[in-house]
Amino acid sequence: MSALLTIGEVARRAGIRASAIRYYEEAGLLPEPERVGGKRRYDEEVLRRLALIWGAKRAGFTLGEIRTLVHGFPAETGAAERWRTLASEKLGEVDEAIARLRSTRDLLQEALRCECGSLDECARLLSEP
């Protein structure tokens, strides 16, 4: 059996702050840790859960969506099905964000070509569809 880890050791090994670990506990993403003398003690499994949280955040999932990934499905629902369900929803959001960013990029490129004599003239040009 592996030794239980302090919150500081978990934070160091996971590369995050201890406050983030406490926050994830409060958010329901990490199970309540064992207490020894009133201090949190963690099994190494917490490192895998933190890696999952980090990866899901990198993929753009909110903490609420990560909570759904972890706790929002029937227990018998496999990981692959959970990911497919949430990823398909998230891809739609990402596609919309990409479209908005492309539009912003086009507008900025147009601003780089600006030859307007006044900002009022720019405003007229920028408000055209």
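Here are some notes:
- A Cβ distance below 8 Å, combined with a sequence gap of six or more or placement on separate chains, defines the contacts here; from the stretch 1-12, residues that are among the small types (Gly, Ala, Ser) reach residues that are at pLDDT 95 or above in the pairs Gly8/Ala18; Ala11/Arg17; Ala11/Ala18; Ala11/Ala20; Ala11/Ile21.
- Single residue of Ala75, Ala87 found to be closer than 30 Å to Glu26 by Cα, at pLDDT 90 or above and part of a helix (DSSP H, G or I): Ala87
- Set side by side, the residues Thr62, Thr6 differ, and just one is touching a strand residue (DSSP E or B) at 6+ places or on another chain (Cβ under 8 Å) and among the polar types (S, T, N, Q), which is Thr6.
- Residue that is touching a strand residue (DSSP E or B) at 6+ places or on another chain (Cβ under 8 Å), exposed (fewer than 13 other Cβ atoms within 10 Å of the Cβ), in a strand (DSSP E or B) and not aliphatic (A, V, I, L, M), where the choices are Arg35, Arg40: Arg35
- Selection count where residues are touching a Phe, Trp or Tyr at 6+ places or on another chain (Cβ under 7 Å) and either surrounded by fewer than 15 Cβ atoms within 10 Å (Cβ to Cβ) or more than 20 Å from His71 (Cβ to Cβ) (or both), scope the stretch 8-32: 1
- Selection within the stretch 51-65 - buried (at least 16 other Cβ atoms within 10 Å of the Cβ) and assigned to a loop (DSSP other than H, G, I, E, B): Phe61
- Where a residue in the stretch 94-117 is free of Cβ contacts under 8 Å to residues at least 40 places away in the same chain and among the hydroxyl-bearing types (Ser, Thr, Tyr) and its partner, wherever it lies, is part of a helix (DSSP H, G or I) and surrounded by fewer than 10 Cβ atoms within 10 Å (Cβ to Cβ), with Cβ under 7 Å and at least six apart: none
Conditions (1) over 21 Å from Gly15 (Cβ atoms); (2) surrounded by 10 or more Cβ atoms within 10 Å (Cβ to Cβ); (3) in contact (Cβ under 8 Å) with a residue 12 or more places away in the chain; (4) not acidic (Asp, Glu), marked per residue:
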{"residue": "Arg49", "(1), (2), (3), (4)": "no, yes, yes, yes"}
{"residue": "Arg67", "(1), (2), (3), (4)": "yes, yes, yes, yes"}
{"residue": "Pro74", "(1), (2), (3), (4)": "yes, no, no, yes"}
{"residue": "Ala87", "(1), (2), (3), (4)": "yes, yes, yes, yes"}
{"residue": "Glu121", "(1), (2), (3), (4)": "yes, yes, no, no"}
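- Screening Val70 against (1) within 16 Å of the chain's Cα centre (by Cα); (2) of a type in the set (A, V, I, L, M, F, W, C); (3) assigned to a loop (DSSP other than H, G, I, E, B) leaves a single unmet condition, (3).
The values are calculated or read from the model by the stated rules, or taken from the named source; none is laboratory data. In this text the structure is predicted, and so the values were computed from the model without any measurement. Reconstructed Cβ throughout: ideal geometry from the backbone, glycine too, with neighbour counts over all protein chains shown.
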